Amino acid sequence: MTTTSIAGRATAVAARATDLSKVYGQGETRVIALDRVSVDFGQAEFTAIMGPSGSGKSTLMHCVAGLDSFSSGSVRIGDTELGSLKDKQLTKLRRDKIGFIFQAFNLLPTLTALENITLPMDIAGRKADKQWLDTVIGMVGLSGRLGHRPSQLSGGQQQRVAVARALASKPDIIFGDEPTGNLDSRSGAEVLGFLRNSVRELGQTVVMVTHDPVAAAYADRVVFLADGRIVDDLRDPTADSVLDRMKRFDAKGRTS
Ligand SMILES: Nc1ncnc2c1ncn2[C@@H]1O[C@H](COP(=O)(O)OP(=O)(O)OP(=O)(O)O)[C@@H](O)[C@H]1O
Ligand SMILES: [Mg+2]
């Protein structure tokens, strides 16, 4: 799959949502979390997803990552249509092709940093590529902390373990839901810099939900959601240009 970006560059598509809708509940409690969203996430690109609380960011990410079912439309990861997969195949695709970084880190407290990093591969019965693992661990600066358990690590270090875990198996695409939301600005900047380097230098694909214009400025592109729809798409963002867009949405209101 290829697409042509605004700048005229041909980019391969890592993931694509087409007319994707997600409805929660029925009757009075019915919520349209996603309303016919169509979006491509380019390979070897860093995309940020922004929008007000409740606009559907996490829902979009979970549906595209195969973590949640959707009501209508379609999702592809690479050339694989998620709707065509049985549960077992979906689990395998998630395990083999997708990396996750969550705000709450999701590390296992009884395992060391290194054991946490290799856990997904251990579960899958795959051997870690030792050289790659060393590269990733060196890049996130965890070499001296591999035998520590999460409770013995700072928040920033724990999040770097989660980043290393996502990268270790060389997934086709990494999804992060506010991966720096719990970090102080310096630790956050380190994690974001590392994610950006993994895109620039290693060709990794990253899609990240964030509320923070400074975090979004690390991305190549920002997709804005409001009320379950994509309302804007910004290339080569700066913190100022992102903030500017956010202000304009606020001024227009969200009632349209
Ligand atoms: N399990 C659920 N059951 C019912 N409604 C839900 C459920 N999960 C999410 N929603 C609703 O769907 C909408 C989108 O939620 P979502 O979590 O995607 O928002 P978000 O943009 O990630 O917000 P935030 O920035 O607060 O994390 C919201 O109105 C939310 O209340
Ligand atoms: Mg969310």
Once normalised by the length of the chain, the mean sequence separation of its alpha carbon contacts under 8 Å that are 6 or more apart gives a contact order in percent of 25
Measuring from the lowest to the highest alpha carbon on each principal axis, how far does the chain reach, largest first, in angstroms?
-> 53, 43, 42
PRE reach from ARG126 (point 7 Å along Cα→Cβ): which of segment 71-99 fall under 14 Å by backbone N?
-> 91-99
Could you work out the relative contact order of segment 80-172, using alpha carbon pairs under 8 angstrom and six or more residues apart, expressed as a whole percent?
-> 45
Amide H neighbours of LEU34 at under 5 Å, excluding residues fewer than 5 places away on the same chain, with H built from the backbone geometry, are LYS22
A correct Karplus calculation of ³J(HN,Hα) over segment 151-167, with 6.51 cos²θ - 1.76 cosθ + 1.60, θ = phi - 60°, whole Hz and x for Gly and Pro, returns 5, 9, 10, 6, x, x, 5, 4, 5, 5, 4, 5, 5, 4, 4, 5, 7
Whole-number Å³ per residue for the convex hull built on Cα positions in segment 1-136 | 165
SER143 accessible area, nearest 10 Å², 1.4 Å probe?
-> 80
Karplus couplings for segment 182-195 from phi (6.51 cos²θ - 1.76 cosθ + 1.60, θ = phi - 60°), rounded to Hz, Gly and Pro as x?
-> 9, 9, 5, 5, 6, 5, x, 4, 4, 5, 5, x, 5, 4
So what is the relative contact order of segment 38-141, in percent, for Cα pairs below 8 Å that sit 6 or more residues apart?
-> 12
Both in Å, the radius of gyration and Dmax of the C-alpha trace of segment 77-211 are 14.5, 44
Sequence of MET121, MET246 from largest to smallest accessible area, 1.4 Å probe = MET246, MET121
For segment 150-226, the dipole about the Cα centre with charges only on Cβ (Lys and Arg +1, Asp and Glu -1), to the nearest 20 debye, works out at 200
Would you tell me the accessible area of ASP96, worked out with a 1.4 angstrom probe on the heavy atoms of the protein chains, in Å² to the nearest 10?
-> 40
Of all DSSP beta bridges with both partners in the chain, the antiparallel percent, nearest 5, is 60
State the Cα centre-to-centre distance between segment 96-122 and segment 58-88 in whole Å.
-> 22
So, with +1 on the Cβ of K and R and -1 on the Cβ of D and E, and no other charges, what is the size of the charge dipole of segment 117-256 about its Cα centre, to the nearest 20 debye?
-> 260
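Output needed for segment 132-219: three equivalent-ellipsoid semi-axes, defined as square roots of 5 times the C-alpha gyration tensor eigenvalues, in descending order, whole Å.
Here the semi-axes work out to 19, 17, 10 Å.
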Show which lysines lie in cross-link reach of LYS22 when reach means a straight Cα distance below 21 angstrom and same-chain residues fewer than eight apart are skipped.
-> LYS57, LYS86
Would you list GLU81, GLU45 from the most to the least accessible area, probe 1.4 Å?
-> GLU81, GLU45
For segment 71-88, what does the Karplus curve 6.51 cos²θ - 1.76 cosθ + 1.60, with θ = phi - 60°, yield as ³J(HN,Hα) per residue in whole Hz, taken in order and with x for Gly and Pro?
-> 7, 7, x, 9, 9, 10, 10, x, 9, 9, 7, 5, x, 8, 8, 7, 3, 5
Probe 1.4 Å, all chains present, heavy atoms only: SER55 accessible area in Å², nearest 10, is 0
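The values are calculated or read from the model by the stated rules, or taken from the named source; none is laboratory data. The structure displayed is predicted, hence computed values, not measured ones. Note: ideal-geometry Cβ built from the backbone for every residue, glycine included; neighbour counts use all protein chains shown. Areas reflect the complete protein model, heavy atoms only, side chains present, ligands, DNA and RNA absent. Shrake-Rupley method; radii C 1.70, N 1.55, O 1.52, S 1.80 Å.
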